[in-house]
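Q: My questions all concern the structure below.
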């Protein structure tokens, strides 16, 4: 009986450890430090390092009709950013610069989940 209970606890702990995060949790964890995720506070506004996530979603919606094209753009830009790929005007580019690549810090599948999440949010 003790073995069954112990095994159940181990399996439960492993499931919890490897449970996938919700898109919102993933977005906040992977993008929130720079892109103003979650509740907007004065401190966050004062320390903003990049355009807020809703502005990125808005620019992707304006540029691309097809949902998959929007998601592909965000994935590509996050992993391989460059000035020529930026969708923002010159003043935004000057304020924030080109973001650093997230290659090795986030997977394409994680960015896909985050992209789908931010594109579905209504502002």
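Q: Let's test the formula: R0 of 25 Å, r as the Cβ-Cβ distance of residue 41 and residue 66. What FRET efficiency results, to the nearest 0.05? Before the final figure, lay out the partial values.
A: Numbers: r = 35 Å, r/R0 = 1.40.
Computed FRET efficiency for residue 41 and residue 66: 0.10.
Q: Something else: Roughly speaking, what is the centre-to-centre gap between the stretch 48-103 and the stretch 19-46 when only Cα atoms are used, to the nearest Å?
A: 16
Q: Return 112, 61 ranked ascending by Cβ neighbour count within 10 Å, so the fewest neighbours appear first.
A: Numbers: 112 16, 61 12.
The fewest-first ordering by Cβ neighbours comes to 61, 112.
Q: Residues of the stretch 97-123 with the amide nitrogen closer than 16 Å to a label point 7 Å from the Cα of residue 21, along Cα-to-Cβ, please.
A: It comes to 102-118, nothing else.
Q: According to the square roots a ≥ b ≥ c of the eigenvalues of the Cα gyration tensor, what is the shape class of the stretch 22-120, taking rounded for a/c under 1.5, prolate for a/b larger than b/c otherwise, and oblate for the remainder? Don't skip to the end; give the middle numbers.
A: Working: a/c = 1.36, a/b = 1.09, b/c = 1.25.
Rounded.
All of the numbers you see were taken from the coordinates with simple rules; none came from a lab. Not measured: the values here are computed from a predicted model. With ideal geometry, Cβ positions are generated from the backbone for all residues, glycine too; neighbour counts draw on all protein chains shown.
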